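The structure under discussion appears below in the form of structure tokens.
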Amino acid sequence: GWIVTTQILPLSRSIERSVLKLETWRDRATRERARRTLTVQVTDGLDIVDSEPAAMKVLARALEVAAPDHSAELLLADSSRAHLHVAAEHPINGPVGCPVVSPSSCPAVRRGSTQVFEDSEAIRACPHLARHAEPCSAVCAPLTFIGEPMGVLHAVGEPGMMPPRDLVEDLTVVAAEAATRIGTLRAFAKAELQASTDVLTGFPNRRATEERLREVLADPDGAAAALMEIDGLSELTAAHGKGASDRAVKTVADSLQLGARPDDMIGRWSGSEFVVVFGGSSAAEAADIAQRLREDAESALSRADLLGVQVMSGVADTRLADTVRELLGAAGDSLGFARRARHRRRAVATRSSR
């Protein structure tokens, strides 16, 4: 009997080890399938949307799947990369409420890898967790895009318990996919802005301004547009160089921006011309506003010691034009009349002073 026992026991133990290995492999395979499914769902969900707010809704749902039993949030940096704000949160369990204020002060962002903290009161705990409302464990997965820090994804759980491996890996996946999509959206938005923005003034350039004018022309409520020109710019360039003329353009642009109403749109049309669209205003009302803007701009030029440069304007009603060319042609005719009248006044003043 003892011979049989000595033969069966090792075999039984071998079978038990094999079963344990199979169960471990099966569990690992199940987790991997679930992670691949999560990755595909998050990637496809983010790929479908074309704006950052829409991406945040996808990521909120992803947090619910990746961290069903934890509070979780996504903190994103603003354009200056100096401040973090809550961009998405767990739709059921709510946000973490992490007090970190900037990417540079987050250990996970600084280290560039997911950080796991067993207890917020431990020696090696993140200092921001110590300021959490209650003791907790935490997972912090950073978001980086082409080496640039973008934010961090947080989840918290019970203190004194190491966060589950699945939670750590799933949040790392979500953070990576979020960084890729948000970074791409921001890169596209930046490229579009640069393509439609005048470098010197920061106003919409001619192409973007023309698109806006087409929208205004299609609006049945109508509006008014002013063509504003800096007169004497070429003479200023000839006498003092391009730097002086650029300073004059920027001075006028800053003055227009300061004096325009919140709903008015200003665009740079050419080297010496701006277009101002006055939404909801008649041509008569717009002419009064344009006159004030013109006077303010000339005062700004005078304070900047940019003498011999003046600003003129011409206004047209969008309801009297069918195309951008017709609209600005009418505004240009009005501006030309103002230019000739001013030049006549200038000539009379010159003769009177002799």
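Quick one: is residue 225 among the small types (Gly, Ala, Ser), open to solvent by less than 10 Å² (accessible area, probe 1.4 Å) and over 27 Å from residue 57 (Cβ atoms)?
yes
Being of a type in the set (D, E, K, R) and surrounded by 12 or more Cβ atoms within 10 Å (Cβ to Cβ) is the filter; apply it to the range 326-354 and report the residue that is modelled with the lowest pLDDT.
Only one residue tops the list, namely 342.
Given the residues 197, 209, which is the only one that is β-branched (Val, Ile, Thr), within 30 Å of residue 246 (Cα to Cα) and buried (at least 20 other Cβ atoms within 10 Å of the Cβ)?
Criteria check complete, one pass: 209.
Going through the range 252-271 one residue at a time, which ones are surrounded by 20 or more Cβ atoms within 10 Å (Cβ to Cβ) and within 15 Å of residue 232 (Cβ to Cβ)?
252
Every residue in the range 273-309 that is crowded, with 20+ Cβ neighbours inside 10 Å, outside any helix (DSSP H, G or I) and among the small types (Gly, Ala, Ser), please.
Within the range 273-309, just 281 meets the criteria.
Could you please find all residues in the range 185-218 being in a helix (DSSP H, G or I), free of Cβ contacts under 8 Å to residues at least 40 places away in the same chain and of a type in the set (S, T, N, Q)?
Hit for the range 185-218 is 194, nothing else.
Residue by residue through the range 159-170, note down the ones that are open to solvent by 60 Å² or more (accessible area, probe 1.4 Å), farther than 15 Å from residue 121 by Cβ and among the hydrophobic types (A, V, I, L, M, F, W, C).
Restricting attention to the range 159-170, the residues satisfying the condition of being open to solvent by 60 Å² or more (accessible area, probe 1.4 Å) are 161-162, 164-165.
Retained after the next criterion (residues that are farther than 15 Å from residue 121 by Cβ): 164-165.
If the condition is that a residue be open to solvent by 60 Å² or more (accessible area, probe 1.4 Å), farther than 15 Å from residue 121 by Cβ and among the hydrophobic types (A, V, I, L, M, F, W, C), then no residue fits.
Give just the number: which of (1) open to solvent by 40 Å² or more (accessible area, probe 1.4 Å); (2) modelled with pLDDT of 95 or more does residue 192 not satisfy?
(2)
Can you give me the number of residues within the range 71-85 that are open to solvent by 50 Å² or more (accessible area, probe 1.4 Å) and either assigned to a helix (DSSP H, G or I) or out of contact with any strand residue (DSSP E or B) (no Cβ under 9 Å at 6 or more places or on another chain) (or both)?
2
Only one residue in 53, 99, 68, 135 is of a type outside the set (Val, Ile, Thr) and crowded, with 16+ Cβ neighbours inside 10 Å. Which one?
135
May I ask you to verify whether residue 221 is touching a residue at least 24 places away in the same chain (Cβ under 8 Å) and within 30 Å of residue 86 (Cβ to Cβ)?
Working: touching a residue at least 24 places away in the same chain (Cβ under 8 Å): yes; within 30 Å of residue 86 (Cβ to Cβ): no.
Considered against the rule, which asks whether it is touching a residue at least 24 places away in the same chain (Cβ under 8 Å) and within 30 Å of residue 86 (Cβ to Cβ), residue 221 comes out as no.
Evaluate the following for residue 185: is it under 22 Å from residue 261 (Cα atoms) and either among the hydrophobic types (A, V, I, L, M, F, W, C) or surrounded by fewer than 18 Cβ atoms within 10 Å (Cβ to Cβ) (or both)?
no
Kindly list, by first and then second residue, each pair from a residue in the range 284-296 that is among the basic types (Lys, Arg) to a residue that is at pLDDT below 95 and outside any helix (DSSP H, G or I), limited to pairs with Cβ atoms under 8 Å and residues at least 6 apart or on different chains.
294/228; 294/311; 294/312; 294/313
So is residue 172 part of a helix (DSSP H, G or I), within 18 Å of residue 69 (Cβ to Cβ) and among the hydroxyl-bearing types (Ser, Thr, Tyr) or not?
Taking the combined requirement at face value, the residue satisfies it.
Restricting attention to the range 300-311, which residues are without any contact (Cβ under 8 Å) to a residue 24 or more places away in the chain and of a type in the set (Gly, Ala, Ser)?
The answer is 302, and nothing else.
Can you tell me which residue among 152, 156 is open to solvent by 10 Å² or more (accessible area, probe 1.4 Å), in contact (Cβ under 8 Å) with a residue 40 or more places away in the chain and in a strand (DSSP E or B)? Steps first, please.
Working: 152 fails: open to solvent by 10 Å² or more (accessible area, probe 1.4 Å).
Being open to solvent by 10 Å² or more (accessible area, probe 1.4 Å), in contact (Cβ under 8 Å) with a residue 40 or more places away in the chain and in a strand (DSSP E or B) holds for just one of 152, 156, which is 156.
The values are calculated or read from the model by the stated rules, or taken from the named source; none is laboratory data. Just so you know, these numbers come straight off a predicted model, no measurement behind them. Because the Cβ atoms are built from the backbone with ideal geometry, glycine has one as well, and the counts that use them run over all protein chains shown. What goes into the accessible areas is simple: the full protein's heavy atoms, side chains included, and nothing from ligands, DNA or RNA. Shrake-Rupley method; radii C 1.70, N 1.55, O 1.52, S 1.80 Å.
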